[in-house]
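The values are calculated or read from the model by the stated rules, or taken from the named source; none is laboratory data. Computed from a predicted structure; not experimentally measured. Cβ placement follows ideal geometry from the backbone for every residue including glycine, while neighbour counts extend to all protein chains displayed. Side chains are part of the model used for accessible areas, which takes the heavy atoms of the whole protein and leaves out ligands, DNA and RNA. Shrake-Rupley method; radii C 1.70, N 1.55, O 1.52, S 1.80 Å.
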Amino acid sequence: MSTYDHTGHAPVLTPVDHRRAVASETARFVAVVKEADLATAVPSCPDWTLADLVKHTGSVQRWFSALLRARIQEPPRKREVDLRLPEQEDGYADWLAESATVAADAFAATDPDLPMWAWGVDQHARFWARRMLFETLLHRADAELALGLRPVIDRPLAVDGIDEFLVNLPFATFFAPKVANLRGPDKTIRFDTTDGDDAWLVRLRPDGFGLDTAHPTTDTADATVRGTAADLLLLVYGRLPYAAETLTHDGDEHLLADWFANSAF
């Protein structure tokens, strides 16, 4: 893992069963939208409604499941998959629940350690289960925010999600082009959890950026943001501003502003 405790040693993290968590997070998502007005706007996903949010999440689950079943070894050239989307939006919640079943079937038929192409760091089938989990979890949170609810995110999932985001972000330029702007003359940003000892140090270089796994996070960073793991997860995904009341920050304000203007997807 690329996280550290405050002594500079990697902490022992609670293992996350990504496949099981996809099912549980989807169930939570379905419960949120089951009786909601799907025409409700989703402020954290501009121009989307709850219907769009549900359709996107279920489509991602079914698309990733198709990739797993195909055991892809190179970037896919097309995105054709039978979504079986209901004609009426009142069937969307049940369709999302069925999407998780489609994913569970794909998981059951695929060894997580199977070598596969992936757009991120981990070139194995398990990459897609982990990615699917955080697509589902973040959009469940989006639905809750749209309905005026405060998202509750299990801490082990939040810690794993921050790590997954920061590890893969340098490779996300093909769908998040602003990531290419994240460069700097050896500048560092630290993310510290206030409800545990997990921390991440990001180093921006002239040629790009990445997690710094060679230096203890006790080293002084150019900028630091602190908050619970759940709030830091919402932060890195752009669902919370770094100036939010639930977070604290210090150091180079311009560096932080530049990071968050270019990193969220």
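Here the stretch 161-261 is treated as a sphere whose radius is the Kirkwood value from Cα pairs; by Stokes-Einstein at 25 °C and 0.890 mPa s it diffuses with a coefficient of 180 µm²/s. Rounded to the nearest 5, the antiparallel percentage of DSSP beta bridges internal to the chain is 75%. For the stretch 147-206, what does the alpha-carbon gyration tensor say about shape, rounded, prolate or oblate, given a ≥ b ≥ c as the root eigenvalues, a/c under 1.5 as rounded, and a/b over b/c as prolate? It is oblate, given that a/c is not under 1.5 and a/b is not larger than b/c. Around the amide H of residue 208, modelled in the peptide plane, lie the amide H atoms of 184, all under 5 Å away and 5 or more residues distant in sequence or on another chain. Here the sum of -39500 (n - 2.57) over DSSP H runs of 4 or more residues, divided by the residues of the chain, equals -13500 deg cm²/dmol at 222 nm, to the nearest 500.
Residues 135, 74, ordered by accessible area of protein heavy atoms at a 1.4 angstrom probe radius and largest first, appear as 74, 135.
Beyond 27 Å, what share of the Cα-Cα pairs of the stretch 18-152 is found? Please give it as a whole percent.
Of all Cα-Cα pairs in the stretch 18-152, 19 percent lie more than 27 Å apart.
Relative contact order (percent) for the chain, with alpha-carbon contacts under 8 angstrom and 6 or more residues of separation? RCO, the chain: 21 percent.
Whole-Hz Karplus values for the stretch 131-136 come out as 5, 4, 4, 7, 4, 5 Hz, taken residue by residue from phi with 6.51 cos²θ - 1.76 cosθ + 1.60 and θ = phi - 60°; glycine and proline positions read x. When 55, 78 are compared by accessible area at a 1.4 angstrom probe, the order from most to least is 78, 55. Name the residues of the stretch 172-187 whose amide N is less than 17 Å from a point 7 angstrom out from the Cα of residue 214 along the C-beta direction? Only 184-187 pass the distance filter. Rolling a 1.4 Å probe over the protein heavy atoms gives the stretch 95-249 an accessible area of 39 Å² per residue. Taking only protein heavy atoms and a 1.4 Å probe, the accessible area of the chain is 53% carbon and sulfur. Using C-alpha pairs below 8 Å separated by at least 6 residues, the relative contact order for the stretch 18-152 is 39 percent.
Amide hydrogen proximity for residue 188: with H placed 1.01 Å from N in the peptide plane, the residues at 5 or more positions away or on another chain lying under 5 Å are 204, 222, 223. For the stretch 183-236, what percent of Cα pairs sit more than 14 Å apart? Summing the P(r) of the stretch 183-236 above 14 Å gives 51 percent of all pairs.
Here the 3J(HN,Hα) profile of the stretch 230-235, calculated from phi with Karplus coefficients 6.51, -1.76 and 1.60 at θ = phi - 60°, is 4, 5, 5, 5, 5, 5 Hz, Gly and Pro shown as x. Note on residue 187: aspartates and glutamates with a C-alpha under 18 Å away, same-chain residues under 8 apart excluded, are 207, 212, 219, 222, 250, 252, 253, 258. Ranked by the mean number of other Cβ atoms within 10 Å of their residues, highest first, the peptides 163-174, 39-50, 80-91 come out as 163-174, 39-50, 80-91.
Taken about its Cα centre, the chain carries a charge dipole of roughly 720 debye when the Cβ of each Lys and Arg holds +1 and the Cβ of each Asp and Glu holds -1. Take the Cβ atoms of residue 147 and residue 83, set R0 to 22 Å, and the FRET efficiency comes out at 0.35.
For a protection proxy built on the mean count of beta-carbon atoms within 10 angstrom, sort 123-129, 208-214, 244-250 highest first, please.
The most tightly packed comes first, giving 123-129, 208-214, 244-250.
Computed on the Cα atoms alone, the convex hull of the chain gives a volume of 129 cubic angstrom per residue.
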